[in-house]
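Below is one structure, written out as structure tokens; comments come after it.
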Amino acid sequence: MAGRGGRGRGRSNMTFSLENLGIGRGEALPPSSLQPSPLFPPMTFQPVPLQTGEEVEYMLALKQELRAATKNLPYYIRQSAARRDVLRYSDKYHRDEARDSIMDWRPDWSRLPNELCIKVRKSQKKVLPQLKGTKTTTSGKEEVLSKLEFLEKKEEIVNSEDEEDEEKKKTNEEEEQEQEEELDEEEVEEETDYIMSYFDNGEDFGVDSDDNMDEATY
Amino acid sequence: MTAQEVRLCGLLLQEHFGDVVEKVGTHLLRNGAQHLRAIVQETGTPMDLVKKSLCVLIQHGACAFSSGRKGPGSPVEYQASFERILRILRYPRYIYTAKTLYGDTGELIIEELLQRGHMTMSSTVKTVADRLTLNMEEGHSMEYSEVSNTFSKLVETHFLQRCPPVEVAGKAVSATPDPATTPGAPANNTTPSTPESFADCYKVPHVTLIGRGKRRNSSEDGEDQRNAKRAKEDPETHGDEGIYWQVNFERFHLHFRDQAIISAVANKLDQTSSEIVRTMLRMSEVTTPPIATCTQALSANEIFRSLPPNYNISRPILDQYLTLLVDDPMEFVGKSGDSGGGMYVVNLHRALANLARATLESVVQERFGSRSARIFRLLLRKRHLEQKQVEDFAMIPAKEAKDMLYTLLSENLVQLQEIPKTPDHAPSRTFYLYTVNQLPTARMLLQNCFKTVANLIERRLFETKESKRLLEKSQRIEAILASLQASGAEPEQLTEVEEMITPPEKQQLESLRHHINKLDSAENQVDETIFLLESYIKSTATNKVIG
């Protein structure tokens, strides 16, 4: 009955004798901790220095090179910047730079599930066969010329396609944009119409009131 | 799959493939196999971005997909593999190993393949040849055939392997209820097929590639972009379309394991004995299966014949060395028979276990001091000890020994085993035995290592973020300098531009570079410990299954 015998020693809240834990009779118990241990506890032993040498240096260089290279590979996917609060004039020039649906590399789709295939590329593929056709028939200077012509055509095609596709949308948008721009201009004009020299910040009148104030406080 | 592993994987994905892939990847890691719609919904990412991310993950082998798990016609499910993602940490080591074994060409081949996940042989050879040509002197260039040779050698030694052919049930339109039940293809959907299970895994296709690396004007846009462009516009065919190659990580790991054993022998005994072990490992490289506990038995005669002649080890000396190796407490080499002048094996599993044990011991020593390490070693050797016995055997004053023992216990490095004499578990009638369980301790240490690496990466990101402005400035100035130099500017102009970075800024940049180098180097070196512990845990697991 050592557990109960403990009562005699005045430590009745323990169900075991403290001697088993290595705390002798009469020794104070360690203070109980009421807070979590520190996030960065002091280190009693300093860490060993890192290895050095040619191998280590080379691996370090390789690691840093790899890391820098990944940012330029097509596999590094950036989310296109979220729409900012204000519609800017420059937005329509930036729009094509980062579109979510464009792949910068061409994976072998036969190794991927069908559902992952992103559709947008198809519109480009439509144009590509024509490119090949013109390329094979011509050579040298003619090639350059035809290429230029083709590019011209392509632009037209793209334009017309766009128009066909989103005719209504575009026109609506454009109208809206124009309206907005007009509005903006008007607003600006209105703002600038305000004769700045006429602006009265109340300083001229302040002298009197200041004096009055002073008087009031005194 | 632990929280630490997910965190580290997330950081690695973010660093290599950007935030979007990180989001999709960690979601997959946390939630297991999922289909596309669920991923889109639960991550709140646009569909196109999710698709792109999945393509990237699959391209790099970090994600597998399968369909029909819930019956035929069910949507394709994606599953990320954290093991593959953690391999990113070891990329520098793979590349370095390829360099030591196969020179610059091997280095670049492995680097390209690691960066791009998988590639065809022809495109790899071309890219590598172009890159090598770029670094050569004017007028020289690299032959495609030379690069092809190195590539074939890497395949022959199994460092590269073919990507296994994909079986997409979503693509096979066949309406048969379950193609997996046909004889010859048992349980195709349940067991993930390993690349090695295909017959052509290490077969190099016939590739028609004639020519040499081309040099492009370096004033054009970035190298990588050009490579990508070239790859796109390449209309030629080389007869290996659709055959993709990937890096065989397992083979590299076997090489790392052998190197670890050899260098351990060299440190423990001497250079000559390490050469003997190296010879033994090389001889059995082909004949020993990867998961074997020990190599094929080799007779002393065979070993003697295969020793490189320039070591000048005579037969009696070899015998002496072999007996010395067998008697060594690290048990790297064992004797399995007496025929043929003695049959010897390399105890692969025991060697890994001993190396892992040494790692644990040194961790305790460096964190808690050599006297705590003494207690730890004592417990490892004697298995179970009572507190009183620990104090006596370790020859450390009782009070201090208790303190150390409890510290180790609270850090989970030492376990406590209760053995009650009576069924009521009364403390006074119970034995309290302290013990060290090597395997769980190694697992815990491995998790600590993952945490360490994740912390290192986060610290590095923090450091770079703190001095982002400074870094951008120095980059801009470097760009200006380069363009000025190219246009042949006066030296005064150059110095003027150089002075745009003030001395205190220069100092700051220098210290930042120093810190980042340290952090990166530490990542590499922690990974070596990770490798050792992982191999030990894996080898123990496979050997238990076998019996």
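The values are calculated or read from the model by the stated rules, or taken from the named source; none is laboratory data. Everything quoted here is computed from the prediction, not taken from an experiment. Methodologically, a virtual Cβ is constructed for each residue, glycine included, from the backbone with ideal geometry; neighbour enumeration extends over all protein chains shown. In case anyone asks, the SASA skips ligands and DNA or RNA and just uses the protein heavy atoms, side chains included. Shrake-Rupley method; radii C 1.70, N 1.55, O 1.52, S 1.80 Å.
Descriptive notes on the structure:
- Between amide H atoms placed 1.01 Å from N, distances below 5 Å from B:GLU285 occur with no residue 5 or more places distant or on a separate chain.
- Size of the B/A contact, given as accessible area buried on both chains, probe 1.4 Å, in Å²: 5400
- For the stretch B:251-346: rounded, prolate or oblate by the Cα gyration tensor [a/c cutoff 1.5]: rounded
- Shielding of peptide B:426-432 by partners, expressed as the average count of other chain Cβ atoms within 10 Å per residue Cβ, is 4.
- With every protein chain in place, chain B: carbon and sulfur % of accessible area (1.4 Å): 53
- B:GLU505/B:ARG84 FRET efficiency (R0 51 Å; Cβ-Cβ; nearest 0.05): 0.80
- Taking a ≥ b ≥ c as the square roots of the eigenvalues of the alpha carbon gyration tensor, chain B is rounded, as a/c is under 1.5.
- Alpha carbon centroid spacing (whole Å) that separates the stretch B:29-66 from the stretch B:302-318: 56
- Look at the stretch B:82-93: the mean tally of other chain Cβ atoms within 10 Å of its residues' Cβ atoms is 2.
- A cut-off of 5 Å between modelled amide H atoms, ignoring neighbours fewer than 5 places along the same chain, links B:THR120 with B:TRP245.
- The helix-based estimate of mean residue ellipticity at 222 nm for chain B, built from -39,500 (n - 2.57) per DSSP H run of four or more residues and divided by its residue count, is -20000 deg cm²/dmol to the nearest 500.
- For the stretch B:121-135, the Karplus equation 6.51 cos²θ - 1.76 cosθ + 1.60, evaluated at θ = phi - 60°, returns couplings of 4, 5, 5, 4, 4, 5, 4, 5, 4, 4, 5, 5, 4, 4, 8 Hz by residue, with Gly and Pro reported as x.
- Taking every alpha-carbon pair in the stretch B:441-544 and binning the separations at 5 Å intervals from zero gives 2, 11, 15, 13, 11, 10, 9, 7, 6, 5, 4, 3, 2, 1, 0 percent.
- Between B:LEU160 and B:VAL155, B:ASN248, the built amide H atoms are under 5 Å apart, and every one of these is 5 or more places off in sequence or on another chain.
- Three-way shape label, the stretch B:351-436, alpha-carbon gyration tensor, a/c 1.5: prolate
- Shielding by other protein chains, A:43-56, mean Cβ within 10 Å: 3
- For the listed peptides A:56-64, A:28-36, a ranking on the average number of other beta carbons within 10 Å per residue, highest first, reads A:56-64, A:28-36.
- Each label point was placed 7 Å from the Cα along the Cα-to-Cβ direction; for B:ILE317 and B:HIS384 their separation is 4.9 nm.
- The stretch B:3-80, relative contact order [Cα under 8 Å, separation at least 6], %: 30
- Extension gain, A:LEU50-A:GLU156: 0.36 nm per intervening residue step, less the Cα-Cα distance, totals 31.9 nm.
- Sorting A:TRP105, B:TRP245 by accessible area puts them as A:TRP105, B:TRP245; the probe is 1.4 Å, largest comes first, and only protein heavy atoms count.
- The stretch B:454-470 - phi-based ³J(HN,Hα) in whole Hz, Karplus 6.51/-1.76/1.60, Gly and Pro as x: 4, 4, 4, 5, 5, 4, 5, 4, 4, 4, 5, 5, 4, 10, 4, 4, 5
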